1. Report, by residue number, each residue of the range 32-88 that is surrounded by 13 or more Cβ atoms within 10 Å (Cβ to Cβ) and of a type in the set (D, E, K, R).
2. List, please: which pairs have Cβ atoms under 6 Å, are six or more places apart or on different chains, and start with a residue in the range 38-55 that is part of a loop (DSSP other than H, G, I, E, B) and end with one that is not hydroxyl-bearing (Ser, Thr, Tyr)?
Amino acid sequence: MTHSSGNGKTDLSAARDDYSRRMWSMASMGATLTSEILAGTGIGWLLDKVFDTAPWCLVGGTIAGLTVGMTTFLRSALSESRQAGRDARRMAASIEPDGSTTEQIDDHDDDDHDNHEDDRPRSGW
């Protein structure tokens with residue numbers, strides 16, 4: 001038996017839509033990583049051709065592309081992970097032991113404080 005989620009969709013349909021959205025988001029992260037690495041490499045190659053510095057600008061551009069790409073990728077992945085955790089907590093809190101659903105909990109913005117280890121004082125280094 002499927003339950004309605006209040007907007008006309010069944011829970012199964014909403015879960016499929018959420019899964020599809022997450023898969024496209026991950027594919028987008030991979031494409032962005034690839035394009036940033038290629039852009040850095042391409043700019044480095046072009047600078048090598050203009051200034052006749054082969055292969056130093058190519059190496060520098062590739063390293064810059066990797067750095068920017070990995071930073072963007074990790075930020076996106078961590079954001080998706082936090083959202084998945086919030087969704088899982090919300091879903092778990094809304095399911096009663098008999099299988100019926102209750103009103104969803106209020107989700108306060110805890111993007112940077114999922115675990116409170118960051119609240120402790122840091123050492124000087």
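Readers should treat all values here as calculations from the given coordinates under stated rules, not as data from a laboratory. Everything numeric here is computed off the predicted structure, so don't read it as measured data. Cβ atoms come from the backbone with ideal geometry, glycine included; neighbour counts cover every protein chain shown.
1. The answer is 36, 48, 80, 82, 86, 87.
2. Filtered contacts from the range 38-55: 54/48.
Residue-by-condition table, conditions (1) assigned to a helix (DSSP H, G or I); (2) under 16 Å from the mean Cα position of the chain (by Cα); (3) not aliphatic (A, V, I, L, M):
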residue: 58; (1), (2), (3): yes, no, no
residue: 65; (1), (2), (3): yes, no, yes
residue: 68; (1), (2), (3): yes, yes, no
residue: 71; (1), (2), (3): yes, yes, yes
residue: 80; (1), (2), (3): yes, yes, yes
residue: 84; (1), (2), (3): yes, yes, no
residue: 87; (1), (2), (3): yes, yes, yes
residue: 93; (1), (2), (3): yes, no, no
